[in-house]
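S.K.: Let me begin by handing over the structure; questions about it come next.
The values are calculated or read from the model by the stated rules, or taken from the named source; none is laboratory data. Treat the numbers as computed from the prediction; the structure is a model and nothing was measured. Here the Cβ is made from the backbone with ideal geometry for all residues, glycine too, and neighbour counts use every protein chain on show. Accessible surface is based on the protein model in full, side chains and every heavy atom, while ligands, DNA and RNA are left aside. Shrake-Rupley method; radii C 1.70, N 1.55, O 1.52, S 1.80 Å.
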Amino acid sequence: MAQQPESSGKTTRSNAASATAASAANASDQSLAPQSANAGSSTASPKTGQPVTGRRAQFMVASQHAPGLAPLSADVIAQSLSEAPGVEIVKTIKPPAALGLQALSVDSVFPGGINTATGSMVVARMAPDKAELLKSQAAGRLLVEHDTPLTYGLDPGPTALPNVGVLKPLGEGFKTTIEVQGPQGPLKDADVFLFGSMLPAQGTTDASGRAELSIVGESPDTIRALYVKPRVDFWDLWIPSPSLVPDGVNTVSVKPLSAFIEGFPDRQLLGWGQRAMGLDQVPTSFDGAGIKVAIIDSGAAQVTHRNLHQVGPGFDVVGNNKATWNNDVVGHGSHCAGIIAGNPSGSGVRGFAPAAEIHVLRIFPGARFSDLVGALDYCIENGIDVVNMSLGGGEPSKIVEDRVVKAKSMGVACIIAAGNSGGPVQFPASTVHALAVAAIGKSGEFPSDSFHATQPLPGFESRQGFFPAKFSCFGPEIDVCAPGVAIVSSLPPDDFGAWDGTSMATPHVTGMAALVLAHHPDFKGPFAQRNANRVERLYQIIKESATPMPIADPTRVGVGLPNVARALGLQAGQGLGPNATSAAGDADPALAMLRRFLATLAAQGQNGQAGPAGFAPQSVNPGLPLTAPSSIGEARDLLHRAGLL
């Protein structure tokens, strides 16, 4: 992370801040000091009891603008905290050099009127009461927030079943063995769950494909479901009300992905989600070249996976290491990377934008808000165009939101998963400065005996088979929805898996965003400059391309399902004008957009309507105006001068 030079004249402020931090820490230490029951006794106890107190928590301490005072730098904050007893400095984060003077600007206003300086942050461990005292004694000059752990929204399989309120006589418990078989024999490393009336029993199959489970307070008749989730390359299995033999071996069979997806993985897959978003109508020459995409996640199996060899560079933010970003021990980041940029190698999975420059920022496992701040600083510093954030958690953070705002001001678009709790939209997707993505599924795209089949929200399925996923968070913050049920993508080392989650929906939109930025004429003309207007225009194009979902509750799906072919003017039957055949056949997207505009304007002119407001395609001739023609004649003249008529 870039270093900010310390300005002169800050000795007084440093001493004052140091005194504040030290005073807060000393006062807290005195209040927490253990009192010995034998303080006045001269007889020493051989073993003195240690009082149990709360663990130290991790906090982000950031400079905050105060009227008439310059913001404190990270060095000053760190110096102050280092002199306070009971405080451990974890790391220091300074503003990206790319921000320049913007790092000190007062333009990030949050509820309550608080403004924060971007950067200038120290991560420290201290007792929670010390943090509260520090916040109060800083008199508005420091913002102190919990450094909240982040979650990556892993595949939301069943963790518990709702109790329907029907009382059943329970047994004392029983043991049973589940044997998992694939077409080639026993399947190792499959997770097995038995759901009764309370918490599930769980086990993992051994080399013989068997897992022995013991469940207390249940009988075979009270088991409500059996769930089997193979690690890779197979569909999961969901059996309601299974018939189980106690103290015996119960055998189940799971299907390989190829049983439902013909020829996979030897024949390359364009996933159902990508087809639903119109990628099958986009020429392969539209590949995202020239666009930088960042994936803030668990890394990517770049070395071992056939579809991910081209991703990189990267950085391990948590480990502060340039070499370990491609060690994905979770698989979550690899799955997202395959959706966004899976290499069209002839097998496996194909992504939206395989020629985009993919920056992999590893923060999982172990991620906190401060790591997300560091990852966003990387994006600002390295000129990233669009960021995939399939993550969330915790209460809203002013410090994190300020980084999202600053990233947006530098032309960095943040596309964020809504969350998988089935409740309100999680932070940071809830911020208005990002594009929040909910998850939908489609019937017929997964086996009927898989857990995916349990994900439709009852009563919401459309005639086309689309449905909101019941795990998906919802609320007015949702901008769009995208495919997030039974999404097949890459997993380490060179395998595949069908996962559910808003984490899977989000990279669909990120991949589309990369194509729009690379191939929509607006981003070579009026919105070429990297700023917040560029990001807002991107969001606008994505949302305007969306197909509305026939669902009464827009908080579940936003404006609908984006379509990349429509966004680029390449959809079949779209953009037909004089002497034009099909927009999908045009090599230059500007040509397709111009023809589309002429056809639209002509149709509206015949009906006496005004031309489409705000439609400003870029001409293939740089000398031509970038504003929309005001009449059919002007549009025809524009096409003629461009050599298209």
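S.K.: May I ask you to list the residues in the stretch 118-140 that are in a strand (DSSP E or B) and hydrophobic (A, V, I, L, M, F, W, C)?
M.R.: Hits for the stretch 118-140 are 121, 122, 123, 124, 126.
S.K.: Can you run down the residue pairs with Cβ atoms below 7 Å, 6 or more apart or on separate chains, where the first is in the stretch 429-453 and touching a residue at least 60 places away in the same chain (Cβ under 8 Å) and farther than 13 Å from residue 476 by Cα and the partner is hydroxyl-bearing (Ser, Thr, Tyr) and not in a loop (DSSP other than H, G, I, E, B)?
M.R.: Going by the 7 Å Cβ cut-off, the qualifying pairs are 439/502; 451/227.
S.K.: Right, next: Between 446, 460, which is farther than 15 Å from residue 502 by Cβ and buried (at least 23 other Cβ atoms within 10 Å of the Cβ)?
M.R.: From the options 446, 460, the qualifying one is 446.
S.K.: Return a yes/no flag: does the stretch 523-535 have any residue that is out of contact with any Phe, Trp or Tyr (no Cβ under 6 Å at 6 or more places or on another chain), within 28 Å of residue 469 (Cβ to Cβ), without any contact (Cβ under 8 Å) to a residue 24 or more places away in the chain and not charged (D, E, K, R).
M.R.: no
S.K.: Still on this structure, please answer the following. Regarding residue 52, is this residue more than 20 Å from residue 401 (Cβ to Cβ), more than 28 Å from the chain's Cα centre (by Cα), modelled with pLDDT of 75 or more and part of a loop (DSSP other than H, G, I, E, B)?
M.R.: Criteria met by residue 52.
S.K.: Quick one: count up the residues across the stretch 210-229 that are open to solvent by less than 10 Å² (accessible area, probe 1.4 Å) and within 30 Å of residue 495 (Cβ to Cβ).
M.R.: 6
S.K.: Would you mention how many residues in the stretch 283-316 are farther than 29 Å from residue 378 by Cβ and either without any contact (Cβ under 8 Å) to a residue 24 or more places away in the chain or crowded, with 24+ Cβ neighbours inside 10 Å (or both)?
M.R.: 0
S.K.: Taking residue 79, is it part of a helix (DSSP H, G or I) and modelled with pLDDT under 75?
M.R.: No.
S.K.: How many residues are in contact with a strand residue (DSSP E or B) (Cβ under 8 Å, 6 or more places away or on another chain) and either of a type in the set (Phe, Trp, Tyr) or free of Cβ contacts under 8 Å to residues at least 12 places away in the same chain (or both) if we restrict to the stretch 351-385?
M.R.: 3
S.K.: Continuing with this model, one more query. Any residue that is assigned to a loop (DSSP other than H, G, I, E, B) and closer than 16 Å to residue 506 by Cβ - is there at least one of those in the stretch 373-384?
M.R.: yes
S.K.: Let me ask something additional. Sort out which residues of the stretch 386-411 are in a loop (DSSP other than H, G, I, E, B) and in contact with a strand residue (DSSP E or B) (Cβ under 6 Å, 6 or more places away or on another chain), and write them in order of number.
M.R.: Listed by number, the residues that qualify are 390, 393, 397.
S.K.: Against the definition (open to solvent by 20 Å² or more (accessible area, probe 1.4 Å) and farther than 30 Å from residue 511 by Cα), how does residue 265 come out, yes or no?
M.R.: Judged against the criteria, residue 265 is not a match.
S.K.: Quick check on residue 530: is it open to solvent by 10 Å² or more (accessible area, probe 1.4 Å), charged (D, E, K, R) and assigned to a loop (DSSP other than H, G, I, E, B)?
M.R.: In short, yes.
S.K.: Quick one: residue 198 ticks every box in (1) closer than 26 Å to residue 496 by Cα; (2) at pLDDT below 95; (3) not small (Gly, Ala, Ser) bar one, so which box is it?
M.R.: (1)
S.K.: Can you name the residue in the stretch 230-262 that is charged (D, E, K, R) and touching a strand residue (DSSP E or B) at 6+ places or on another chain (Cβ under 8 Å) and is also surrounded by the most Cβ atoms within 10 Å (Cβ to Cβ) among such residues?
M.R.: Top of the filtered list is 236.
S.K.: Restricting to the stretch 457-505, name every residue that is modelled with pLDDT under 95 and more than 30 Å from residue 433 (Cβ to Cβ).
M.R.: Those that are modelled with pLDDT under 95 and more than 30 Å from residue 433 (Cβ to Cβ): 458, 459, 461, 462, 463, 464, 465.
S.K.: Moving to a separate point now. Can you name the residue in the stretch 503-527 that is in contact with a helix residue (DSSP H, G or I) (Cβ under 7 Å, 6 or more places away or on another chain) and not in a helix (DSSP H, G or I) and, of all such residues, is least open to solvent (accessible area, probe 1.4 Å)?
M.R.: So the residue we want is 520.
S.K.: Right, here's the next one. Can you name the residue in the stretch 188-201 that is more than 31 Å from the chain's Cα centre (by Cα) and surrounded by 16 or more Cβ atoms within 10 Å (Cβ to Cβ) and is also farthest from residue 451 (Cα to Cα) among such residues?
M.R.: Step by step, filter the stretch 188-201, then rank; the result is 197.
S.K.: Going residue by residue through the stretch 546-554, is there one that turns out to be assigned to a helix (DSSP H, G or I) and either touching a Leu at 6+ places or on another chain (Cβ under 6 Å) or modelled with pLDDT of 95 or more (or both)?
M.R.: No, the stretch 546-554 contains no residue that is assigned to a helix (DSSP H, G or I) and either touching a Leu at 6+ places or on another chain (Cβ under 6 Å) or modelled with pLDDT of 95 or more (or both).
S.K.: Looking only at residues that are within 16 Å of the chain's Cα centre (by Cα) and open to solvent by 30 Å² or more (accessible area, probe 1.4 Å) in the stretch 367-413, which one is modelled with the lowest pLDDT?
M.R.: 394
S.K.: Does any residue in the stretch 55-70 that is of a type in the set (D, E, K, R) come within less than 7 Å, Cβ to Cβ, of a residue that is open to solvent by less than 20 Å² (accessible area, probe 1.4 Å) six or more places away or on a different chain, and which pairs are these?
M.R.: That search, which allows pairs on different chains as well, returns 56/126; 56/127.
S.K.: Give just the number: which of (1) under 30 Å from residue 528 (Cα atoms); (2) open to solvent by less than 10 Å² (accessible area, probe 1.4 Å) does residue 441 not satisfy?
M.R.: Going through the list (1) under 30 Å from residue 528 (Cα atoms); (2) open to solvent by less than 10 Å² (accessible area, probe 1.4 Å), residue 441 breaks only (1).
S.K.: Let me ask something else. Can you report the number of residues in the stretch 55-76 which are hydroxyl-bearing (Ser, Thr, Tyr) and in a loop (DSSP other than H, G, I, E, B)?
M.R.: Looking only at that region, the number is 1.
S.K.: Being of a type in the set (A, V, I, L, M), in contact with a Ser or Thr (Cβ under 9 Å, 6 or more places away or on another chain) and open to solvent by less than 30 Å² (accessible area, probe 1.4 Å) narrows it down to one of 417, 453, so name that one.
M.R.: 417
S.K.: If you go through the stretch 394-428 one residue at a time, how many are in contact (Cβ under 8 Å) with a residue 60 or more places away in the chain and closer than 18 Å to residue 484 by Cβ?
M.R.: Going through the stretch 394-428 one residue at a time, the tally reaches 6.
S.K.: Among the residues of the stretch 330-358, how many are touching a Pro at 6+ places or on another chain (Cβ under 7 Å) and open to solvent by 10 Å² or more (accessible area, probe 1.4 Å)?
M.R.: So the count comes out to 6.
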